[in-house]
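Enquirer: One structure, pasted below without further comment.
The values are calculated or read from the model by the stated rules, or taken from the named source; none is laboratory data. A quick note: this is a predicted structure, and the numbers were derived from the prediction, not measured. Backbone-built Cβ (ideal geometry, glycine too); neighbour counts: all protein chains shown. Only protein heavy atoms, including side chains, enter the accessible area calculation; ligands, DNA and RNA are left aside. Shrake-Rupley method; radii C 1.70, N 1.55, O 1.52, S 1.80 Å.
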Amino acid sequence: LAQKYGENLVEGGGLKITTTLDLKLQNKVQQIVSEEVDKSASLGISNGAAVVVDPTNGQVLSMVGSRGFYSDKTDGQFNVVTQGLRQPGSSIKPVVYLTGLRKGMTAATMILDAPVIFASTVPGQKDYEPHNYNGKYNGPMALRYALANSINTTAVKTLANVGLQNVLEQAFQMGFTTLEPTSENMKQLGLSLALGGGEIKMIDMARAYSAFANGGLKPDLVGVLKVEDSSGRVLEEYKPIPGQVVMTPQEAFIISNILSDNKARELTF
């Protein structure tokens, strides 16, 4: 708002700003982030963040950018949600498998969970050998169980099968701004992307996952609903717009169904 109207008007102009925040939820989420960071101090964790959005309309219900804005333990005035670049780990796998679905795979497609080595195409670079977190392998697995149990080898094989560029195109379309299929990203990123090897923003992850919960429609995220000046004149007001189609309703249903299938993830848990 300061960029739009100037610092003077925003700081002292009597503006009335209506946000999307749920104050009760915001306070609770701030408490949770602070408590969890403190509990994890022995692990070397000093900061945390969280964002809660309504996937149907993109409204930001809570955003906690750091352990505390005035924290002296960490850089509190750095918003990890919108500014931080972090590796997403296995939470990127649904995008890989979604790309597989869009290329003809199904939830029943069998993928072999077994040791695999991908030969390096770059001189002097080591071959890539992904491992499962527990060091064990399960043999042939349906895509449903491979995703539900977060199996590493099958995710990497799926990425290798559908192609890095196709996965990046899908991810970028879903709102991952740092995963645009540029020539630079194509050079820097590889098969490890399937296990979270590319840095993303938390806000982008929230937007992308909203599409899974919203029938394939990616909403634009919004935090301010209305801005009025001191005399009540409306300077701007949010008008809902339809989300962008980034997958079919059927594809969104399959991924969401797998992620919520307790039976399918018994192998891991």
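Enquirer: Any residue in the range 210-231 that's part of a loop (DSSP other than H, G, I, E, B): show its pairings with residues that are at pLDDT below 95 and crowded, with 19+ Cβ neighbours inside 10 Å at Cβ separation under 9 Å, as long as the two are six or more apart or on different chains.
Expert: Filtered contacts from the range 210-231: ASN214/GLY243; GLY215/GLY243; GLY216/GLY243; PRO219/GLY243; ASP220/GLY243.
Enquirer: Name the pairs: first residue in the range 148-165 and farther than 17 Å from LYS187 by Cα and without any contact (Cβ under 8 Å) to a residue 12 or more places away in the chain, second residue open to solvent by 10 Å² or more (accessible area, probe 1.4 Å) and in a loop (DSSP other than H, G, I, E, B), Cβ to Cβ under 9 Å, at least 6 apart or on different chains?
Expert: Final answer for the pair search is none.
Enquirer: So, one more: Please work out which residue is surrounded by the fewest Cβ atoms within 10 Å (Cβ to Cβ), limiting yourself to the range 235-269 and to residues that are closer than 27 Å to THR20 by Cβ and among the hydroxyl-bearing types (Ser, Thr, Tyr). Quick ask: steps written out before the conclusion?
Expert: At the first step, the residues of the range 235-269 found to be closer than 27 Å to THR20 by Cβ are 235-247, 249, 252-253, 255-256, 259-260.
With the extra rule that they be among the hydroxyl-bearing types (Ser, Thr, Tyr), the set shrinks to 238, 256, 260.
Working: TYR238: 17, SER256: 17, SER260: 10.
Looking at residues that are closer than 27 Å to THR20 by Cβ and among the hydroxyl-bearing types (Ser, Thr, Tyr), I get SER260.
Enquirer: Of everything in the range 16-53 that's without any contact (Cβ under 8 Å) to a residue 24 or more places away in the chain and assigned to a loop (DSSP other than H, G, I, E, B), which residue is nearest to the chain's Cα centre (by Cα)?
Expert: The selected residue is ILE45.
Enquirer: Right, another one. Any idea which of (1) open to solvent by 20 Å² or more (accessible area, probe 1.4 Å); (2) in contact (Cβ under 8 Å) with a residue 60 or more places away in the chain; (3) part of a loop (DSSP other than H, G, I, E, B) is the one GLN173 doesn't satisfy?
Expert: If we test GLN173 against (1) open to solvent by 20 Å² or more (accessible area, probe 1.4 Å); (2) in contact (Cβ under 8 Å) with a residue 60 or more places away in the chain; (3) part of a loop (DSSP other than H, G, I, E, B), just (3) comes out false.
Enquirer: Right, another one. Does ALA2 meet the test of being modelled with pLDDT of 95 or more, of a type in the set (Gly, Ala, Ser) and either closer than 27 Å to SER231 by Cα or in contact with a Gly (Cβ under 7 Å, 6 or more places away or on another chain) (or both)? If you could, list the steps in order and put the result at the bottom.
Expert: Details: modelled with pLDDT of 95 or more: no; of a type in the set (Gly, Ala, Ser): yes; either closer than 27 Å to SER231 by Cα or in contact with a Gly (Cβ under 7 Å, 6 or more places away or on another chain) (or both): yes.
For ALA2, the condition - modelled with pLDDT of 95 or more, of a type in the set (Gly, Ala, Ser) and either closer than 27 Å to SER231 by Cα or in contact with a Gly (Cβ under 7 Å, 6 or more places away or on another chain) (or both) - is not met.
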